Amino acid sequence: MTGLLIMHISDIHFAAESKGQPSPREALEAASDAVLHDFGDAEIVLVLSGDVTTTGNTSGYVEALRALESLKANLNITKVVVCPGNHDIERVAAKEFRSFNKFAFSLTNDPNQCWNEAHAVRIVSHGDYDFVLGNTSFHGDYRTGKVPLKDMKALLTRDERPKIVVIHHSPIASEYGGGGLAEAYELLSLISGCSAIALLHGHVHSDQAITVGRNQAVVCGVGSIGFRPDPNMNNQFAMYEFNNRTMVTMTPYQYRLNRGRFFRMTV
């Protein structure tokens, strides 16, 4: 079984009214520089766990696609996997993700990463690994995420291939946020007893890490990379290295405004 290197980005929030430093585009450029410095031309899977734009603002996807295509051009990104967040709901009443889907297809060239209420769980493969993607906003609720447990269980238990779950909402509440996911206990119980080796999420705008279950699956949250509604908001992304069924390194990065670049955080 081959290894796997993941770059995890979430909550970019293009088109946000708050104009912090750095901008999402600048943050992605700085992240690219940090990854190129530390990992060179290593093959990377880019994981985007939702909230690409803000409150469904369609103009944010145009900016995001341009910035992420530039990231792909600078790094050796061999696969992109994406799922929507609550801010990617275009129209709550209709539970629509049309603009997100257009963005996702343009970025991934994969129709299997397009979403609607009837198809809230997807699976995509890369080498020896499967990514099980869940749209926890499929029901059109900005406030509380929901897991389509039956469909997710069917994919997670269909074989023994190592699986990495990607959702937007955090299944773990903490003093920094979270707790906005219905059926969080049931999801973690499912993760604990199947072939999942990791669950990656966003939403809380803060890093989180905990292991669960017999396989010691790692539940990892990552901070927003380019959204600063207040001076204390950290700009983050993370790199994960897997060997077989084990996450061997987890490296979060944090942006330092006075240096104008990302630094590795101490875990």
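All of the numbers you see were taken from the coordinates with simple rules; none came from a lab. Computed from a predicted structure; not experimentally measured. Cβ coordinates were reconstructed from backbone atoms using ideal geometry, including for glycine residues, and neighbour counts include every protein chain displayed.
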At 7 Å along the Cα-to-beta-carbon direction for both residue 41 and residue 175, put a label point, then send me their distance in nm to one decimal. 4.7
Taking the Cα centre of the chain as origin, sum charge times position over the Cβ atoms of Lys and Arg (+1) and Asp and Glu (-1), and report the length of that vector in debye to the nearest 20. 100
Stretchable slack from residue 110 to residue 58, in nm (0.36 nm times residue separation minus alpha-carbon distance): 16.7 nm
Gaussian network model of the chain, springs between alpha carbon atoms under 10 Å - residue of 59, 23, 224 with greatest fluctuation: 59
For the chain, with a Gaussian network of springs between Cα atoms less than 10 Å apart, report the residue from 171, 111, 24 with the top mean-square fluctuation. 111
Using DSSP to define loop residues, name the GluC sites (Glu not before Pro) in segment 83-173 whose beta-carbon has at most 12 other beta-carbon atoms within 10 Å. 160
Before rounding to the nearest 500, sum -39500 (n - 2.57) across all DSSP H runs of length at least 4 in the chain and divide by the residue total; then give [θ] at 222 nm in deg cm²/dmol. -7000 deg cm²/dmol
Suppose we keep just the DSSP beta bridges with both residues in the chain; what percent of those would be antiparallel, to 5? 55
What order do you get for 150-157, 6-13, 37-44 when each peptide is scored by the mean count of other beta carbon atoms within 10 Å, highest first? 6-13, 150-157, 37-44
When 239, 250 are ordered from fewest to most other Cβ atoms inside 10 Å of their Cβ, what list results? 250, 239
Matching label, percent of Cα pairs over 35 Å apart computed from the structure shown, candidates (i) 16; (ii) 7; (iii) 40: (ii)
Between residue 189 and residue 154, with labels modelled 7 Å along Cα→Cβ, what's the label distance in nm to one decimal, could you check? 2.1
